[in-house]
Amino acid sequence: MPVVYSVLAVLAAYLLGSLSFAVIVSRAMGLNDPRTYGSKNPGATNVLRSGSKAAAVVTLLLDAVKGWLPVVLVRWFGEPWGMGEFTLALVGLAAFLGHLWPVFFRFEGGKGVATALGVLVGISAWLGLVLGLLWLAVAAVSRYSSLASLSAAVLSPVAYVLASGLLWNAERPVTGAIVVMAALLVWRHKENITRLIQGKESRLGSKGKAAQGAPGAAQPPAPQGTHKARPKKHKH
């Protein structure tokens, strides 16, 4: 029976992760589908291109919560049901995979940064805080959201292992899950990596070509009606 409970927990985590809040929040707030404009990525950064900061913040929080919730539920209540660190690692990974390939949205998901952060906070609030501060520091200095995300992704398993025994105790199953999430985050950012190398990546706060077509973006003024030319008077 403990195996059955673990399988059900992993399945529930995947289904929760499959809720694409970028799309759900945008529809609820009367905005266009984020998969149709900008980077076409259903995530908080692309929702921000709609011009609605509120929608972007709500999307960010909900995407993080769906990664955090399954992990903390297993941590708080899983032990009496035979769910330990292995199940905890699997539910975190399942929620993350649900965001990347959501069953409810034709398996077209986002890059998973906010959901991964939620999983890490569920594993250890201190771990989430350290990596969240790292993201903020890199973003503040470079003005590249993608570079900040890549830095946090690559350093997440390193920080988890090296700081073990100080603020948290590293577990092998959890380490494995973090390594997989980090690798997938880098892979999902492969286009951003190419643009960073080429110097074409858009910076935070800039209005590049990616923002064109987004709802709420400034539109060129409509051409004014042409005036009819007055007929010339002919001298008799």
Crossing angle, helix 172-188 versus the chain [Cα axis fit, 0-90 degrees, rounded to tens]: 20 degrees
Under the 7 Å Cα-to-Cβ spin-label approximation, PHE86 and SER142 lie apart by a distance in nanometres of 3.7 nm
Exposed loop trypsin sites (Lys or Arg not before Pro) only (DSSP loop, at most 16 other Cβ atoms within 10 Å): please give the longest stretch of the chain free of them, not including the sites. 41-105
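Where the convex hull is taken over the Cα atoms of the range 55-104, what is its projected area averaged over directions, in nm²? Working shown, then result.
Numbers: hull surface 16.0 nm².
Computing the convex hull of the Cα atoms and averaging its projections yields 4.0 nm².
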One finds the C-alpha centres of the range 81-100 and the range 178-201 to be spaced, in Å, by 24 Å
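What FRET efficiency would be calculated for the residue pair LEU196, ALA54, taking the C-beta separation as r and a Förster radius of 30 Å, to the nearest 0.05?
Numbers: r = 29 Å, r/R0 = 0.97.
For R0 = 30 Å, the calculated efficiency reads 0.55.
What do you get when you divide the Cα radius of gyration of the range 1-151 by 2.2 N^0.38 Å, with N the number of residues?
The value comes to 1.07.
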Determine ³J(HN,Hα), in whole Hz, for all residues of the range 55-61 in sequence, where each value follows from phi through the Karplus function 6.51 cos²θ - 1.76 cosθ + 1.60 and θ = phi - 60°; x replaces Gly and Pro. 5, 5, 5, 4, 4, 4, 5
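FRET efficiency for LEU11 and VAL179, Cβ-Cβ distance as r, R0 = 25 Å, nearest 0.05? Numbers along the way, then the final one.
Numbers: r = 23 Å, r/R0 = 0.91.
The computed FRET efficiency comes out at 0.65.
Below 12 angstrom from the Cβ of GLY110, what's the summed charge of the other residues (Lys, Arg +1; Asp, Glu -1)? Before the final figure, lay out the partial values.
Numbers: positive: ARG35, LYS40, LYS66, LYS111, ARG188; negative: ASP63, GLU108.
Here the charged neighbours net out to +3.
Roughly to the nearest percent, how much of the accessible area of the chain is carbon and sulfur, given a 1.4 Å probe?
On the way: 9220 of 13840 Å².
Whole-percent figure for carbon plus sulfur exposure: 67.
Tell me, what is the per residue accessible area of the range 58-201 in Å², probe radius 1.4 Å? Could the numbers behind the result be given before it?
Working: 7140 Å² over 144 residues.
Here the per-residue accessible area is 50 Å².
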Around GLY84, what is the net charge, scoring Lys/Arg as +1 and Asp/Glu as -1 over all other residues with Cβ under 15 Å from its Cβ? -1
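The values are calculated or read from the model by the stated rules, or taken from the named source; none is laboratory data. As the structure is a computational prediction, the values presented were derived from the model and not from experiment. Because the Cβ atoms are built from the backbone with ideal geometry, glycine has one as well, and the counts that use them run over all protein chains shown. Only protein heavy atoms, including side chains, enter the accessible area calculation; ligands, DNA and RNA are left aside. Shrake-Rupley method; radii C 1.70, N 1.55, O 1.52, S 1.80 Å.
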